[in-house]
Every structure is written in C-alpha cells, then in structure tokens.
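**Q** What follows is a structure written as structure tokens; I'll ask about it next.
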C-alpha cells in the first residue's frame, strides 16, 4: 500500500512538473515561438513574450505590434482584436462544443431588425429566452455551420450591435478556437465570412508546426502584407490541413 501511494505521488509530481515546464516554455520563450495545443506559431517577436498575456492557454495576436499594424491596414480587420484559445483541457478528448449545435439555446426571431436579414445565414437569439430586449444574436452560415459563427451583443434600443465576434476552430487542431472581436460594427453588417477567412489565413501563416517537425531550426514565415490575407494571397492559398 505504501509503495503504491509513493508511486502515485511520484507520478502526480511528474505531471505537475511537466505542466509547469510547458507553461514556462509558453510564457518565457524569447524566439517568438508560442505553442498552443498541438500547434506552434511564430509571432516573430524576438523578445520575452510575457506581455502577450499567454495565460490559461490563451494568446492575443493583436498584442504583437507588427500583427496589429498588419490587421489595421486591412479593410476587413480594422478595429479588431484577434486571439487564440486552447480548449483542450475543457473537452478532455471529446469533440469540442460548437455554438450553433446548442439548438435549445438558439431561437430564430423574425422580429429582429432588417440589419440582421442576411442571405445565406441563420440568425437568431442565443440564450435561454426567446426575443429578449438585450442578448446575443448568433449568426452562422446556413449550409456550412461548422465553418464559423458570429455572435453580436445587441440591445433592441440601439440601431446596431455594440460589438460582434467571429469564431472558428482551427482545422489542424480543432481544440484551438480563434476569435476576432469587432469593435467597429458597420451597417450593413461586417463581412463575417471574409473576416474569418482572412484571420484563418493569418493563423496559417504563423503556424510553423510542420517545419519544426521536419527538423527546421529557424522556420521562416512570409514577410506578410495585407494582400497575403486576401483572396489569392499566399496564406489564403495554404492547404486546409
């Protein structure tokens, strides 16, 4: 009994040590590499990255100056904040949850204002109550609900949402949820599909996982310009897996 207890305590100590070592690796690397889940991203930040707030498996790409400058020069990504959240620990090996799957919390509502009349999308309230005065409006592609979704905080007393957020799961590691918060909501509404596509292109540009696995010591990502995130750009043309 004592030996079994000692072995159990030893294994727990090893797991804690590995977890702490991984957290230290994520927070304190000076080569600009950040590992979230099964993927490693090169943020090209050659100084310690504590200021990126890499905590609880979360990193804000917009905290990197050159990424901020790149997105602010893009007409679809101005006044947005982009972050990646690793949700592996939340799902414990099961398929990650997905907002449009929560049918019991999604309520189509024909009384929403014309601003939300979007062709090719399903639109409704996300919450426990149908048609509240204030709540979250959930928007996702009608024929491809797994591609991305947008959630907008909306008050019926206001002409348009205060902010919206576009989220998608990163295909190479579906436990990574990439979210773009939009702080300048337009009328008609921002092009959520294009925002999702451009941010996915950015994340793919930063992903150096395969290069590292192939033995490259210092993998190079493209010198990005805004056009690389647009249709036909280098990173928009990246393979889907």
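**Q** Go through segment 161-174 and report how many residues are modelled with pLDDT of 90 or more and over 18 Å from residue 76 (Cα atoms).
**A** Final tally of qualifying residues: 5.
**Q** Quick check on segment 149-163: of everything there that is over 24 Å from residue 199 (Cα atoms) and touching a residue at least 12 places away in the same chain (Cβ under 8 Å), which residue is nearest to the chain's Cα centre (by Cα)? Don't jump to the end; show me each part of the working.
**A** Within segment 149-163, the first condition is being over 24 Å from residue 199 (Cα atoms), and the residues that meet it are 155-159.
Adding the requirement that they be touching a residue at least 12 places away in the same chain (Cβ under 8 Å) leaves 155-157, 159.
On the way: 155: 25, 156: 28, 157: 30, 159: 27 Å.
Among residues in segment 149-163 that are over 24 Å from residue 199 (Cα atoms) and touching a residue at least 12 places away in the same chain (Cβ under 8 Å), the one nearest to the chain's Cα centre (by Cα) is 155.
**Q** Filter segment 208-229 for residues that are touching a residue at least 60 places away in the same chain (Cβ under 8 Å) and within 15 Å of residue 71 (Cα to Cα) and give the result.
**A** Residues satisfying the conditions are 224, 225, 226, 229.
**Q** Here's another thing I want to ask about it. Determine whether residue 205 is touching a helix residue (DSSP H, G or I) at 6+ places or on another chain (Cβ under 8 Å), without any contact (Cβ under 8 Å) to a residue 60 or more places away in the chain, farther than 14 Å from residue 67 by Cα and not in a strand (DSSP E or B).
**A** No: the conditions fail for residue 205.
**Q** Can you confirm whether segment 176-185 contains a residue that is free of Cβ contacts under 8 Å to residues at least 60 places away in the same chain, buried (at least 16 other Cβ atoms within 10 Å of the Cβ), assigned to a loop (DSSP other than H, G, I, E, B) and at negative phi?
**A** yes
Here is a yes/no grid of residues against (1) touching a helix residue (DSSP H, G or I) at 6+ places or on another chain (Cβ under 9 Å); (2) closer than 27 Å to residue 88 by Cβ; (3) touching a residue at least 40 places away in the same chain (Cβ under 8 Å); (4) part of a loop (DSSP other than H, G, I, E, B):
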residue: 107; (1), (2), (3), (4): no, no, no, no
residue: 125; (1), (2), (3), (4): yes, no, no, no
residue: 132; (1), (2), (3), (4): no, no, no, yes
residue: 137; (1), (2), (3), (4): yes, no, no, no
residue: 147; (1), (2), (3), (4): yes, yes, yes, yes
residue: 165; (1), (2), (3), (4): no, yes, no, no
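**Q** Taking residue 85 and the conditions (1) more than 24 Å from residue 155 (Cα to Cα); (2) touching a strand residue (DSSP E or B) at 6+ places or on another chain (Cβ under 6 Å); (3) modelled with pLDDT under 90, which numbered condition does it fall short on, given that it satisfies the others?
**A** Among (1) more than 24 Å from residue 155 (Cα to Cα); (2) touching a strand residue (DSSP E or B) at 6+ places or on another chain (Cβ under 6 Å); (3) modelled with pLDDT under 90, residue 85 violates only (3).
**Q** How many of the residues making up segment 128-146 are closer than 22 Å to residue 183 by Cα and either surrounded by fewer than 19 Cβ atoms within 10 Å (Cβ to Cβ) or within 20 Å of the chain's Cα centre (by Cα) (or both)?
**A** Step one: list which residues in segment 128-146 are closer than 22 Å to residue 183 by Cα, which gives 133-141.
Now drop any that are not either surrounded by fewer than 19 Cβ atoms within 10 Å (Cβ to Cβ) or within 20 Å of the chain's Cα centre (by Cα) (or both), which leaves 133-134, 136-141.
Looking only at that region, the number is 8.
The values are calculated or read from the model by the stated rules, or taken from the named source; none is laboratory data. All values derive from a computational prediction rather than experimental measurement. Cβ atoms come from the backbone with ideal geometry, glycine included; neighbour counts cover every protein chain shown.
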